[in-house]
There are 2 protein chains.
Amino acid sequence: MSGLIFRQLIDLDSSTYTYILADSDSLHGIIIDSVLGNIERDLQTLHDLGIKLQWILETHVHADHITGAYQLREKTGAKIGMGKATNLVCADQLFDEGEKISFGSQQLSVIATPGHTNGCTSYYLKDFAVFTGDTLLIRGCGRTDFQEGSSEKLFNNIRKKLFTLPDETLVYPAHDYNGRTCSSIGEEKKFNCRLKLSNSLESFSEIMKNLKLDEPKNLHKAVPANINCGKI
Amino acid sequence: MSGLIFRQLIDLDSSTYTYILADSDSLHGIIIDSVLGNIERDLQTLHDLGIKLQWILETHVHADHITGAYQLREKTGAKIGMGKATNLVCADQLFDEGEKISFGSQQLSVIATPGHTNGCTSYYLKDFAVFTGDTLLIRGCGRTDFQEGSSEKLFNNIRKKLFTLPDETLVYPAHDYNGRTCSSIGEEKKFNCRLKLSNSLESFSEIMKNLKLDEPKNLHKAVPANINCGKI
């Protein structure tokens, strides 16, 4: 992807992926889904690459880790942005469907993808990748049984807004618990066992209803902190 | 990188990175540093991407995990390749400095980089990246205190063979224990605290002598298995 600096980082405790993107000319950059425990690493990475951070973006209010957003804003002066339906007053800007987020000559498009949570947002960089948070995971998707989750919304948003992106678009999710770092829209349309094109909404809802997942282990610490952008 | 399929995968137990590369026309591909416990994941990835595996490459005889090379050869018929100085009879081919490894229209160059172990080998894909194994890590390097290690060899090979690659060459190592997935030659020349250009061989050797590292926890299981290409 010419003109773009791109780094994927992992939180080894929660298998959360953090992404740094920057325009290679202006060095204006953004970070998506930072983790509080890793901000020294991330600040060092920004420093070494010479990136001037413009935006600290969240794909949603995470339930499994505390975001580094608040601390990163304190240390860099960048603005916090997330999806409009999060309604979080701690954010500097809440982005609605179709809005653009610019950094240098690069531009992300905001795609509202509620379903895992109501405020879930994906960020799309044309001709490169979509950052899907917990909406679309590699061969899976986020749970829909808490925090205003909805299997129907998740299914329809993935099918109508993500699976309509070009097949070669890389999918960079918020997590992968099997150590895979990315996928593509074309692959997920074929091989996502929950959401592939041959599955119906009914079969998807049935799968999601029967997952019987444990509560995320950091839920009661993470969500209260994250509705304050990670201020604790 | 046009014409190339590229996937980085992580072993979450040992923070080992596995790499899959393929030519997007012929779909002939290779895998670098597979981990035995992940071969079902890796075979699935190869299947989903339609890749016909040609080579199973190792950067060296690992001491911290058992390679998946033997099992992958059994299941795919691909050949095992590694550095000449490993002297391993289980390999199908031992590659010497400057040899080329082709997959479709793509070509890796073999760079002998002894120092961490005597058989350490880096694989370079022009205009894209170098896969450095434990020779050059992100802001670090492999230990030099066992398995025929040599600080002098490591220093000279990194300085003369890796740091002479173009600055924009991405560095994909065998591990990162801080969740960083890649670096670049330009960054390491500036910011690698052991090997940056302002450090001398003497100061490097002094750093390496004083690391006082514990033995790798899987040493006595991994090395005997890996000198048989992971056959157990």
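Okay, here's what the table says:
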item: Residue list for segment A:1-11, filter: open to solvent by 10 Å² or more (accessible area, probe 1.4 Å), of a type in the set (A, V, I, L, M, F, W, C) and either assigned to a strand (DSSP E or B) or over 16 Å from residue B:182 (Cα atoms) (or both); result: A:4, A:5, A:6
item: All positions within segment A:12-60 that are more than 12 Å from chain B (Cβ to nearest Cβ), without any contact (Cβ under 8 Å) to a residue 40 or more places away in the chain and either part of a helix (DSSP H, G or I) or over 29 Å from residue A:217 (Cα atoms) (or both); result: A:39, A:43, A:46, A:52, A:53
item: Residue match in segment B:58-70 (condition: more than 17 Å from the chain's Cα centre (by Cα) and either of a type in the set (Asp, Glu) or surrounded by 23 or more Cβ atoms within 10 Å (Cβ to Cβ) (or both)); result: no
item: Answer residue from segment B:1-26, given it is hydroxyl-bearing (Ser, Thr, Tyr) and closer than 19 Å to residue A:13 by Cβ and is modelled with the lowest pLDDT among those; result: B:14
item: Pick from segment A:178-187, criterion part of a loop (DSSP other than H, G, I, E, B) and open to solvent by 10 Å² or more (accessible area, probe 1.4 Å), ranking: nearest to the other protein chains (Cβ to nearest Cβ); result: A:178
item: Selection count where residues are surrounded by fewer than 18 Cβ atoms within 10 Å (Cβ to Cβ), within 14 Å of chain A (Cβ to nearest Cβ) and assigned to a loop (DSSP other than H, G, I, E, B), scope segment B:188-231; result: 2
item: Pair list, Cβ < 6 Å and 6+ apart or interchain, from segment A:221-232 residues that are closer than 11 Å to residue A:69 by Cβ to residues that are in a helix (DSSP H, G or I) and open to solvent by less than 10 Å² (accessible area, probe 1.4 Å); result: A:229/A:69; A:230/A:69
item: Residue B:115 at pLDDT 95 or above, touching a His at 6+ places or on another chain (Cβ under 9 Å), open to solvent by less than 10 Å² (accessible area, probe 1.4 Å) and in a loop (DSSP other than H, G, I, E, B); result: no
item: Among the residues listed as B:104, B:98, the single one being within 17 Å of the chain's Cα centre (by Cα) and either open to solvent by 30 Å² or more (accessible area, probe 1.4 Å) or within 14 Å of chain A (Cβ to nearest Cβ) (or both); result: B:98
item: Some residue of segment B:83-101 being of a type in the set (Gly, Ala, Ser) and under 21 Å from residue B:181 (Cα atoms); result: no
item: Qualifying positions in segment A:123-156 - open to solvent by less than 20 Å² (accessible area, probe 1.4 Å) and part of a helix (DSSP H, G or I); result: A:154, A:155
item: Matching residues in segment A:1-11 - criterion: being among the charged types (D, E, K, R) and either more than 14 Å from chain B (Cβ to nearest Cβ) or over 25 Å from residue A:95 (Cα atoms) (or both); result: A:11
item: Of all residues making up segment A:157-177, the number that are outside any loop (DSSP other than H, G, I, E, B) and either within 11 Å of another protein chain (Cβ to nearest Cβ) or in contact (Cβ under 8 Å) with a residue 12 or more places away in the chain (or both); result: 10
item: Out of B:85, B:78, sole residue that is open to solvent by less than 10 Å² (accessible area, probe 1.4 Å), farther than 25 Å from residue A:9 by Cβ and away from every other protein chain (no Cβ under 14 Å); result: B:78
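The rows are residues; the columns are (1) within 26 Å of residue A:181 (Cα to Cα); (2) out of contact with any strand residue (DSSP E or B) (no Cβ under 7 Å at 6 or more places or on another chain).
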| position | (1), (2) |
| --- | --- |
| A:55 | yes, no |
| A:76 | no, no |
| A:117 | yes, yes |
| A:143 | yes, yes |
| A:149 | yes, yes |
| A:153 | yes, yes |
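The values are calculated or read from the model by the stated rules, or taken from the named source; none is laboratory data. What you see is a predicted model, and the numbers here were worked out from it, not measured in a lab. Neighbour counts are summed over all protein chains in view; Cβ atoms, including those assigned to glycine, are modelled from backbone coordinates with ideal geometry. The protein model used for the area step is the full one, side chains on, heavy atoms only, and it has no ligands, DNA or RNA in it. Shrake-Rupley method; radii C 1.70, N 1.55, O 1.52, S 1.80 Å.
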